[in-house]
Amino acid sequence: MNTVYPAESGLTQRLFAQVNDTLKAPWTECGVIAASTHGINRHLLHNFAARLNKDGENPAVQVEYEEDTGCVVFLLPGQSLASTHFTALSAKNLLQDADLLIGGMSVAGFSESDPPTEKAMNDFVSFLDGSEPSEIAVYHGQPRASEAPTVVMIDPNADLLEFLNIRLGLQGYDVMPAQDGKEGLRLVASFQPDLVITELALPALDGYQIIHRIRNSPNRDCQVVVLTDQAVEQDICKCFELGAADVIKKPFSPKELEARLKRLLN
Amino acid sequence: MRTFLLDYGIAATYLIVGSGLMYLFILAVSHQRMLSIVKSSVNSRYRELAGSEYVPPVSILVPSFNEEPTIIENVHSLMTLEFPVYEIVVVNDGSTDRTLQVLLDTFELQPCSPASFRSLVPSKAIRNVYRNPLYPRLVVIDKENGGKADALNAGINAAQYPLVATIDADSLLEKDALIRLVKVYMENPQQHIAVGGNVRIANGSTIGDGRVLSPKLSNKWLPAMQYVEYVRAFLGGRIGWSAMNGLLIVSGAFGLFRKDYLVKVGGYEAGCPGEDMNIVMKLHKYMLDRNLPYRVVFCPDAVCWTQAPDTLRMLGAQRRRWLRGSLWNVSRFRGMLFIPKYKVIGWLALPYTIIYEIFSPWIRISGLAALVGYVLLDMTQLPILLIFLLANLLVGMVFTCGSLLIEELAFRSSIRTNDLLRIIGFSAMMALGYDQLSACWKLLGLWDYLRRNDAWGNMVRRSWQDEAAIPVVSVKARVSRTKTPQRTGRLTDGHNPIYIEME
Amino acid sequence: MWMEPFDQAATVLYALSLTSAGGFAALFLLRARRGDADERTRQSLEKHQDYFAYLSANIDGAEPLLPPPGQLSPIELKAIQSKLLEWIETIGGEYRGRLTALCRELGLVEQERKRLRSPKHAVRIEAAYRLGIMRAEQCTDELLQLLEQEGGESTAFVVGRSAAKCAETLDQLRRLLLHLIEYHPDAQQLIADIIASSSLDPAPLYIELLRMEDRETPVCVALIGLTGRNDPDAFGPLNRFISSECKEIRIKAAKALLQYSHMLPMERLGDLIRHSDWEIRAVAIKAIGEWQLDFDIEALNEGMADEEWWVRHYSAASLAQLGPAGYPDRAFDLSAEGGTR
């Protein structure tokens, strides 16, 4: 194993051991937060642990500073991924207020039923290097970018793009957002995605044209899912006629969308 | 003599201030309703309606005559509207350029027999109907040249849906403009028989992919001046008239009508200058004659962008034509004046139009002339002239200010501060030159109208050609000159200047 | 003697300049305030970007979503609200419920509820609009009360839509429906759309309305609402209205009924195709093509000779849709372009 992942370090080993230890004890779940920071002294670490525990919600927070990799690690016994992520928001505030944060942060959650493997732990640690400065990356057991199916998403609504970008990213897709039809087609041409999600009412080039052009392009395997406000009977029929794989009407259930994507891509 | 000149000048000043006050009064009376419209449009989500099965389908009519440079972009922009079910009926009114050909080439249209064409209102013969199953919303109708009104009638005949929206071939719609108009219609489908949109000047704004990306004030003074004019007229004026149900014009650049009523009033009138006022007047008359409840509504949040003429010559031609149109319609419908059953139209809107169109330029020009004469006789009285000009300026300023306030409060305008300052500057300049100029054009328009009225019959056609010759040449010249990737500037707001009777 | 007009003019000019100066001052003040607010909203959103990432990532988790850590300034809260409302409107299903629960947790529902009692009309309307998006069930009755004050204004539709979104019981929805019908009898399509935005199934209400046979508007609204649905319960009542005295109702009923074409016996369909109202003939013939019904081609051929244009049009269209299965060439000629659906 060690040979496959050259990035593996002492940090991975220690974390792997610690998390496994925690999961043996009374805890069924354990969250981990890692952040690249400047050096932090023991006193400050204690302070952080106390502040994160101020409501008594995180009884056994362990904070350690890893000299060799230059990162601080918070171990949160008993916390699920969601609450770890939430605690990470506070942790980030603390680190930022103390002017310590220099790189990105990453969070992960492990449970008794899904204990960490060394590989997973290594992926998690390498996530820290890959994440943008001051961004909180979530490790969810997703595959590395090269294996991930690529999805181009075209929608004029930036909020929706942002939301689905994160959601689908967590499901292990490599998402490329575009706000209009032309930009979308450009992405399709250059990245040859496995799937395209598009709105019908787009500036410049509408959804029908996008379906039509993709169906008639060399990249015929690319599936098109229409996600639109504008789904009256006529539109839906037209989409299927043109070769869309699926039509979903907004407001939509992201859960349903994720399930449908999964079916289409497997 | 001197006393007379002075008194005349003073009287003119008061009349100008007075007409402004009357206008403000109309606005004040109608502010309640106006606020209600604004509140409901701010607190609505149009995307919700854009996918609703309950929204009635609309046929968008695009009459086009020699629109080769802009028609493709316009159709592209229309095809990406946020609206559930609609069709775009482009009527090629016997263009002499390649308008039809570029449409056929770009959208790979195929001729098909005119199945959905019915003769509901009179129009000239159609030559062919073109479609492409890939663009199910697009229909192109090729017909013999017959003028804009005739093209619109052909469009009505070809439209398959119960609502028709008219739009100029050189205008661009905001993507939610149509659904906003239709929402107003849906609030009372029985009574809202015509709904007009808000027309704005796009010169100077960045345009790409068939939409206005960032609205900006033009750097040229003439379009910028017209921008101020439009903002004033549309926000200040139409909202007020709409609230009183005294709207006489639904701009030809962007309006929505119930097709059944258009058919009932016989459609657009061929050979009529100012067909957009004509059709609304016909609707008013039809409904009031039968004592049916109805409203002609202005919807300020449905925005349509249009290109304003940017040379004095083209603008002058446009304004003269507008005035001729108004006069033609006023004279056609003069029977409605001061008749009790015609309510607001007969008692207020029509008289106001007459005063505004015919008397106000006289008053402005003659008042100014009187005072100039007076001051020439006695140079020490120069302040009087300045007071006159200042009064003109301030009245205009109050209007600009009111319109901008409405825009800021209701529509969160995206005008940049720099542009705003320029608008204020232009608004001041307006009183010192532009107003007088436009008064002159109105007088010239009046002259055109009267001259023609002497020998009505065949004079009409000849004059069409006379005048049209100028803009056609200049437009062509400009098209070949300008090689910018943006749309070549075209004139019109509903009145296409290059509509000519070809025979 | 010249002074007098000067004085008068001066007064008028002063008044005008004061008005415009005041107006411009107000304008610039408003702009400055809005610019400032926009900037602060932007900053708040940037600051809470991680929080929104947390929401997106954990919206499917078992635990409820938590409000952002630490104290929120009113501006931050407003910024977060604006984004949450935007999300709620595009996202449906289970996740929407989690977001609306978060709004409640953040105190947004309570805050807007207070604004619902504001003396300013614009504030009340905005509060109603937002409560609707947040699906604030506890406020439905207040929204209905507010609606009653609105009367015939167009803002009534804003409040009505919110009430529909919040409605928890059919009783509330019924109150809303009857109120809208009473004050906006003509806006039938819009009412049906508003009612459809509720999370409740309005079909039982519509069937109830169909029983008010003597009143045209409720019946029409019900028929519109039932069109495009597939509810076998509605079939019986619809059938009756085909013979209504009101033409509008007959046509709407026929349209709604033809949605259930699989339940219509052939003779009944035949009646519709030969009905004395051309509108009904037209929709019936259109339905044959659309649903690919196995129906006597001869009737369609008869339709091609109908006196009414629409009937001929749809006959041709339907013949084309049915394909070449045994019908005369003539229809092909006439309907080659028949795809004008």
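The values are calculated or read from the model by the stated rules, or taken from the named source; none is laboratory data. Computed from a predicted model, the values in this text were never measured in an experiment. Cβ coordinates were reconstructed from backbone atoms using ideal geometry, including for glycine residues, and neighbour counts include every protein chain displayed. Calculation scope for accessible area: heavy atoms of the full protein, side chains included, ligands and nucleic acids excluded. Shrake-Rupley method; radii C 1.70, N 1.55, O 1.52, S 1.80 Å.
Looking only at the range B:414-427, which residues are small (Gly, Ala, Ser) and surrounded by fewer than 18 Cβ atoms within 10 Å (Cβ to Cβ)? Hits for the range B:414-427 are B:414, B:425.
Checking each residue in the range B:38-71 for being open to solvent by 10 Å² or more (accessible area, probe 1.4 Å) and outside any loop (DSSP other than H, G, I, E, B) picks out B:38, B:39, B:41, B:42, B:46, B:47, B:48. Residues in the range C:62-91 that are more than 26 Å from residue A:79 (Cα to Cα), touching a residue at least 12 places away in the same chain (Cβ under 8 Å) and either within 12 Å of chain A (Cβ to nearest Cβ) or buried (at least 16 other Cβ atoms within 10 Å of the Cβ) (or both): 11 in all. One residue alone among B:15, B:21 is surrounded by fewer than 18 Cβ atoms within 10 Å (Cβ to Cβ), without any contact (Cβ under 8 Å) to a residue 40 or more places away in the chain and within 30 Å of residue B:364 (Cα to Cα), and that residue is B:21.
Working carefully through the options B:135, B:161, find the one that is in contact with a helix residue (DSSP H, G or I) (Cβ under 6 Å, 6 or more places away or on another chain), aromatic (Phe, Trp, Tyr) and surrounded by fewer than 24 Cβ atoms within 10 Å (Cβ to Cβ). It would help to see each step written out before you state the result.
Numbers: B:161 fails: in contact with a helix residue (DSSP H, G or I) (Cβ under 6 Å, 6 or more places away or on another chain).
Answer to the check: B:135.
Total residues in the range A:247-266 satisfying the condition of being away from chain C (no Cβ under 14 Å) and closer than 21 Å to residue B:52 by Cβ: the figure is 1. Can residue C:53 be described as without any contact (Cβ under 8 Å) to a residue 40 or more places away in the chain, at the interface with chain A (Cβ under 10 Å from one of its Cβ atoms), closer than 27 Å to residue A:109 by Cβ and in a helix (DSSP H, G or I)? So residue C:53 passes the test. Being part of a strand (DSSP E or B), in contact (Cβ under 8 Å) with a residue 40 or more places away in the chain and not assigned by TED's automatic domain parsing to the domain that holds residue A:227 holds for only one residue in A:124, A:110, and it is A:110. When restricted to residues that are more than 10 Å from chain C (Cβ to nearest Cβ), of a type in the set (Gly, Ala, Ser) and either exposed (fewer than 15 other Cβ atoms within 10 Å of the Cβ) or under 19 Å from the mean Cα position of the chain (by Cα) (or both), the range A:71-119 contains 7.
All of C:196, C:192 fail the test of being open to solvent by 20 Å² or more (accessible area, probe 1.4 Å), among the hydrophobic types (A, V, I, L, M, F, W, C), within 14 Å of chain B (Cβ to nearest Cβ) and closer than 21 Å to residue C:89 by Cβ, apart from C:196. Where in the range B:322-427 are the helices (runs of 4 or more DSSP H), entirely inside, with at least 2 residues that are of a type in the set (A, V, I, L, M), within 14 Å of another protein chain (Cβ to nearest Cβ) and touching a residue at least 24 places away in the same chain (Cβ under 8 Å)? Output list reads B:360-377, B:382-411.
Residues are listed down the side, and each one gets a yes or a no for (1) touching an Asp or Glu at 6+ places or on another chain (Cβ under 8 Å); (2) over 30 Å from residue B:117 (Cβ atoms):
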{"site": "B:31", "(1), (2)": "no, yes"}
{"site": "B:36", "(1), (2)": "yes, yes"}
{"site": "B:45", "(1), (2)": "yes, yes"}
{"site": "B:61", "(1), (2)": "no, no"}
{"site": "B:67", "(1), (2)": "yes, no"}
{"site": "B:71", "(1), (2)": "no, no"}
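Among the conditions (1) of a type outside the set (Asp, Glu); (2) within 14 Å of chain C (Cβ to nearest Cβ); (3) open to solvent by less than 10 Å² (accessible area, probe 1.4 Å), the only one that residue B:116 does not satisfy is (3). Here residue C:23 meets the list (1) within 41 Å of the chain's Cα centre (by Cα); (2) more than 9 Å from every other protein chain (Cβ to nearest Cβ) almost entirely, failing just condition (2).
Of the residues that sit in the range B:34-48 and are more than 7 Å from chain C (Cβ to nearest Cβ) and modelled with pLDDT under 80, which one is farthest from residue B:247 (Cα to Cα)? Selected residue: B:47. Residue C:306 fulfils the conditions (1) modelled with pLDDT under 75; (2) over 30 Å from residue C:173 (Cα atoms); (3) assigned to a loop (DSSP other than H, G, I, E, B) except for a single criterion, (1). Restricting attention to the range B:119-136 and to residues that are within 11 Å of another protein chain (Cβ to nearest Cβ) and within 14 Å of residue B:155 (Cα to Cα), the residue that is modelled with the lowest pLDDT turns out to be B:119. Scanning the range B:56-80 for residues that are of a type outside the set (D, E, K, R) and away from chain A (no Cβ under 14 Å) turns up B:59, B:60, B:61, B:62, B:63, B:64, B:65, B:66, B:69, B:70, B:71.
So how many residues does the range B:307-321 have that are assigned to a loop (DSSP other than H, G, I, E, B) and open to solvent by less than 10 Å² (accessible area, probe 1.4 Å)? First the steps, then the outcome.
We begin by selecting, within the range B:307-321, every residue assigned to a loop (DSSP other than H, G, I, E, B); these are B:307-311.
Applying the additional criterion that residues be open to solvent by less than 10 Å² (accessible area, probe 1.4 Å) yields B:308-309.
Residues flagged as assigned to a loop (DSSP other than H, G, I, E, B) and open to solvent by less than 10 Å² (accessible area, probe 1.4 Å) within the range B:307-321 amount to 2.
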